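Every read-out reported here was derived from the displayed coordinates using simple, explicitly stated rules and does not represent laboratory data. The shown structure was predicted, so the numbers you read here are calculated from the model rather than taken from an experiment. In this analysis, Cβ positions are derived from the backbone assuming ideal geometry, glycine residues included, and neighbour counts consider all displayed protein chains.
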Amino acid sequence: MSKTFFIETWGCQMNDLDSQRLSGSLKLRGYRRVEDEHTADLLLLNTCSIREKSEQKVFSRLGELRAAKKEGSKIGICGCVAQRDGEAILARAPWVDFVMGPGNVGYLDEILDGGRRLALDFPEDRRYDYLAIDRPSATRAQVTIIEGCNKNCTFCIVPTTRGREVSRPITGIVAEIRSAVAEGRVEIELLGQTVNAYRCPQTRADFASLLTVVASLEGVKRLRFITSHPAEVTDDMIAAIRDHSNISRYLHLPVQSGSSRVLRRMKRLYTREQYLAVVARIRAAVPEVHFSTDIIVGFPGETDQDFEETISLIEEVRYGSLFAFKYSPRPGTSALRLGSPIDDAVASERINRLFEMHEERKRETLRAYEGRILPVLYEGPSRHDSEVLSGRTDDNWTVNFTGDLRTPIGTMLPVRIQQAQHHTLRGEAVA
Ligand code: 5AD
């Protein structure tokens with residue numbers, strides 16, 4: 001009987017992809033994936049440390065896994081909490097078999113075979129074996145282009161958990177995308193902490209050139225990328241988006257705050273005015289872009305006035321999607337030295353106001369799609385209703401629609417939008 005594994009993933013797209021890589025290499029070893037932690041021979045928890053809450057969850061979840069695991073099974077902790085607290089985890093939970101950081105995803109075989117318990121380095125060769133990625137979607141492939149982060153945002157733990165920036169050679173990226181497209185994955189999503197800091201280590205090609213190369217590859221029906229840093233948006237990058245209709249009209253551009261004073265304390269490398277100027281440049285070239293953003297509420301020293309500036313910036317940009325978080329102090333980050341913590345009740349009030357306002361805007365945004373006919377990339381039957389087709393628009397809204405269920409997945413088809421739902425659109429395929 002083949003061995004089995006269970007894997008649970010928290011956090012960002014990078015973590016998702018790391019889990020796809022871990023899962024792929026286990027399948028190559030003959031392991032089978034199971035969804036029940038009680039039956040698995042190997043239990044992996046791929047953790048996130050971006051905020052304190054997810055980090056606290058690790059130990060409670062570990063306790064549950066210990067109780068669930070059958071005799072002889074192994075437990076491994078991966079991801080950013082493992083990277084930061086690996087030794088502490090082994091000290092506090094000695095029954096954990098190994099901890100490994102994001103730099104060691106390509107080394108799972110050695111860790112399992114060699115009985116290595118602590119793998120927290122960042123090897124020069126990350127062993128990115130794209131043929132062994134266990135991709136959950138039949139139509140989409142996520143592809144790493146750059147790992148790590150060289151920014152020093154004062155709130156952020158990522159530079160310590162994912163290391164310095166390392167760009168992948170463009171030849172490897174193109175080979176991976178060709179192979180994904182050959183398998184029917186016609187939607188490509190380029191991943192990195194700061195995708196627009198990309199620099200091919202061999203050709204010095206920048207992100208704009210990479211976009212142009214990938215968008216021109218045969219069979220790439222839609223090209224997306226996440227995350228872009230506002231300070232590194234170039235005119236060439238904007239031109240690449242404008243000139244290639246298969247590049248998604250969706251741009252995640254985290255602003256974090258609308259107050260230049262707070263942005264300076266965050267070391268975000270732009271002011272409110274500079275951010276708005278970037279948005280204006282993009283809108284001038286690609287008016288239909290759907291912007292999304294991340295906001296931190298209650299950053300140390302954030303005044304009512306600062307928060308009002310965040311509210312007014314959101315009004316001004318009119319984001320389609322918005323992710324907001326209460327500031328969470330992270331060990332080793334320089335924001336800890338700023339003092340002036342914000343009362344949790346104040347932060348809660350602010351974030352609730354922000355969500356309320358955004359929900360209203362989002363309803364208006366979605367309603368504006370009613371009656372339009374848009375190209376939708378068909379991804380498969382809806383998860384909730386197998387009689388309904390589901391896919392996404394160029395600007396990344398999910399559309400559930402009626403149509404021919406024999407349509408091959410990965411087909412781009414015109415859909416008339418009939419009705420806006422809470423977070424999605426409903427429609428019908430048109431001939
Ligand atoms: N506290 C709260 N939110 C944070 N983020 C990053 N670090 C913190 C922190 N210490 C948010 C930022 C980032 C997103 C991925 O998580 O908004 O863009």
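Give the residues of the stretch 376-411 that are touching a Lys or Arg at 6+ places or on another chain (Cβ under 6 Å) and in a strand (DSSP E or B), sorted by residue number.
Leu377, Thr398, Asn400
Annotation note: Cβ proximity below 6 Å between a residue of the stretch 218-229 that is among the β-branched types (Val, Ile, Thr) and a residue that is not in a loop (DSSP other than H, G, I, E, B) (sequence gap 6+ or interchain) occurs for Val220/Ile188; Ile226/His252; Thr227/His252. In the set Arg135, Arg178, only one residue is within 30 Å of Pro381 (Cα to Cα), of a type in the set (D, E, K, R) and in a loop (DSSP other than H, G, I, E, B); that residue is Arg135.
Table: residues versus (1) among the hydrophobic types (A, V, I, L, M, F, W, C); (2) closer than 21 Å to Asp113 by Cα.
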{"residue": "Arg21", "(1), (2)": "no, yes"}
{"residue": "Gly24", "(1), (2)": "no, yes"}
{"residue": "Arg32", "(1), (2)": "no, yes"}
{"residue": "His38", "(1), (2)": "no, no"}
{"residue": "Gly63", "(1), (2)": "no, no"}
{"residue": "Ala67", "(1), (2)": "yes, no"}
{"residue": "Glu87", "(1), (2)": "no, yes"}
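When the stretch 324-341 is filtered for residues that are in a loop (DSSP other than H, G, I, E, B), more than 11 Å from the ligand (Cβ to nearest atom) and polar (S, T, N, Q), only Ser340 remains. No other residue among Leu223, Leu191, Leu210 is buried (at least 19 other Cβ atoms within 10 Å of the Cβ), within 16 Å of the ligand (Cβ to nearest atom) and either more than 28 Å from Cys78 (Cβ to Cβ) or of a type in the set (A, V, I, L, M) (or both) apart from Leu191. Number of residues in the stretch 1-20 that are surrounded by fewer than 19 Cβ atoms within 10 Å (Cβ to Cβ), among the polar types (S, T, N, Q) and within 16 Å of the ligand (Cβ to nearest atom) equals 1. For the stretch 271-302, taking the residues that are hydroxyl-bearing (Ser, Thr, Tyr) and either in contact (Cβ under 8 Å) with a residue 24 or more places away in the chain or part of a strand (DSSP E or B) (or both), the one that is nearest to the ligand (Cβ to nearest atom) is identified as Thr293.
Among the residues of the stretch 140-155, the one identified as basic (Lys, Arg) and assigned to a loop (DSSP other than H, G, I, E, B) is Lys151.
Of all residues in the stretch 314-323, those satisfying the criterion of being away from the ligand (no atom under 14 Å from the Cβ) and surrounded by 18 or more Cβ atoms within 10 Å (Cβ to Cβ) are Val317, Gly320.
Total residues in the stretch 43-56 satisfying the condition of being buried (at least 22 other Cβ atoms within 10 Å of the Cβ) and closer than 20 Å to Ala68 by Cα: the figure is 5. For the stretch 118-135, does any single residue satisfy the condition of being over 17 Å from the mean Cα position of the chain (by Cα) and on the phi > 0 side of the Ramachandran plot? Looking through the stretch 118-135, at least one residue is over 17 Å from the mean Cα position of the chain (by Cα) and on the phi > 0 side of the Ramachandran plot.
Matching residues to (1) in a helix (DSSP H, G or I); (2) in contact (Cβ under 8 Å) with a residue 24 or more places away in the chain:
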position: Met1; (1), (2): no, no
position: Leu17; (1), (2): yes, yes
position: Leu26; (1), (2): yes, yes
position: Gly30; (1), (2): no, yes
position: His38; (1), (2): no, yes
position: Asn46; (1), (2): no, yes
position: Lys53; (1), (2): yes, yes
position: Val81; (1), (2): yes, yes
position: Val99; (1), (2): no, no
